[in-house]
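The values are calculated or read from the model by the stated rules, or taken from the named source; none is laboratory data. Note that the structure is predicted; figures quoted are calculated from it, not measured. Don't worry about glycine lacking a Cβ; one is built from the backbone with ideal geometry, like all the others, and counts go over all protein chains shown. All accessible areas refer to the heavy atoms of the entire protein, side chains included, with ligands and DNA or RNA removed. Shrake-Rupley method; radii C 1.70, N 1.55, O 1.52, S 1.80 Å.
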Amino acid sequence: LTQMTRTPDMMPPALPASPDSVTDAERLTRQSLRTAKGKNPGRSREHNRRVVLELLRRSGPMGRKELADHAHISTQAVTNIIDELMDEDLLCDMGRKRTVRGLPPIQYAINPDGAITIGLEIAVGSLTAVVLDLGGNLRASRVVALPDMTAAVVLDLICDTVTGLRATVQAQLLGIGVVMPGPFEIEGLTGVGPTTLPDWSGVDVATELSQRCDVPVTVDNDANAAAVSEMLFGQGQNVSHFCMLYFGAGIGMGGIVADQPLRGAFGNAGEIGHIVVAPGGLPCQCGQAGCLERYVSLHALSEAMTRDGLIPDTATLLACHAARDPVLTAWLDKAAPHLSAMIGLLENIFDPQTVILGGKMPKAILDDLIARLTIPTSVANRRDRTLPRVQRGKTGEESAAIGAAALPFFNAITPQLHQTDGQIAP
């Protein structure tokens, strides 16, 4: 997952290191130091594997001694891990690195062809599926219409799609990531209205798909997955703390805190769409009035732009934006103050380095929305800041699906602070 290979018009540019953030190696060294404490050798070997893979993912090819120095584990421990990963075809031998003196060290790197994952975004009306290899390269993608959103029909279609995608790339499938709009299993909110999935309450998607596809399945909400996508491939690559506002049909927030996704106790952290921003305002399907997503969401924009019963598609929205359509302009003027207030609130609660906007909303409209923001004073008002308070993401409309595909890799590669006490194992 060092860099996601995409077509030229979709490829996010490399980001310069920001002065207010540490280098990748420094951050990883600090992370390994934080986790190298405790007394749980039973779980530390798996943790050490993650540290080695994460170092190689972020920094590229390294030798055993260099890996041991950065990971703060013994060279013998690194040797054992490398041998294990080589046997699993997850690493490749890059040959010896030329040095001034002595025998050059053998360099090891993540093997892009060693494994793939499949990411699936279940959205209102469509299924987006992508395949990533272990190098973070986009191998395939599909968008399938979902005229019938009932769980049984969609799960059957997912299984057929996974079978078809597996046939296109000959590599071991590490797992499947599935994302969908939240909130999950919340009485009064789940499956309510046009921005959520109807009749999915009580459906154990992970268990159902894992049994049918015979691989591990990770389920998360779309905003969390989009945040992971931006962290690995987009504007969040050099940022340890940020908020990602994801425009699906509704709007949600994915948080990255100290390089880790913020999910909450039940996977519903960041469910901002049903926060009331205009008391007594537009009625919402959840039973409240004045919820954020009634003013700031792709559904709200489409609702405002619907004419003669025709719901505008992306091309129509972009054409209207280019023509400075008065209805679209009025929507931007109305949405911006509500979004500004919400961003100020999120800054005070999470103290992020930046707030990133992305998802299904067309890029040009997002840029125009950002230009209209008048964010109130918050803890983000700092003279020494180098990152903008708000910026548009780089991973595009597939960000949630790409993040879904990255979730199995993230779970397998990235050190998880809650899963180890950090005891070093040989």
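Roughly speaking, to the nearest percent, how much of segment 331-402's 1.4 Å accessible area is carbon and sulfur? Mind dumping the intermediate values first?
Working: 1540 of 2930 Å².
That fraction is 53 percent.
What are the ³J(HN,Hα) values, in whole Hz, obtained from phi via the Karplus relation 6.51 cos²θ - 1.76 cosθ + 1.60 with θ = phi - 60°, for each residue of segment 66-78 in sequence order, with x given for Gly and Pro?
Values, residue by residue: 5, 4, 4, 5, 6, 7, 6, 10, 5, 4, 5, 5, 5 Hz.
Hey, how many Å between the Cα centroid of segment 132-178 and the Cα centroid of segment 223-270?
22 Å
Using Cα-Cα distances under 8 Å and only pairs 6 or more residues apart, what relative contact order does segment 196-324 have, in percent?
Values: 169 pairs, mean separation 19.4, N = 129.
Over segment 196-324, the number comes to 15 percent.
If each residue of separation counts as 0.36 nm, what is the full-extension length gain between Glu208 and Thr316 once their alpha-carbon separation is subtracted?
Working it through step by step, the gained length comes to 35.1 nm.
Please compute P(r) over all alpha-carbon pairs of segment 224-271, binned at 10 Å starting from zero, and give each bin as a whole-number percent.
All Cα pairs, binned at 10 Å, distribute as 30, 56, 13 percent.
Full-extension gain between Leu146 and Val257, please, as 0.36 nm times their residue separation minus the C-alpha to C-alpha distance.
Values: separation 111, 0.36 × 111 = 39.96 nm, distance 3.41 nm.
Result: 36.6 nm gained on full extension.
Please compute the per residue accessible area over segment 361-403 with all protein chains in place, 1.4 Å probe, rounded to a whole number of Å².
Working: 1990 Å² over 43 residues.
Using a 1.4 Å probe on heavy atoms only, each residue of segment 361-403 averages 46 Å².
Using the heavy atoms of the protein chains and a 1.4 angstrom probe, tell me the accessible area per residue for segment 292-357 in square angstrom.
Numbers: 2990 Å² over 66 residues.
For segment 292-357, the solvent-accessible area averages 45 Å² per residue.
Using r as the Cβ-Cβ distance of Arg324 and Asp89, and R0 as 60 Å, what FRET efficiency do you calculate, to the nearest 0.05?
It comes out at approximately 0.65.
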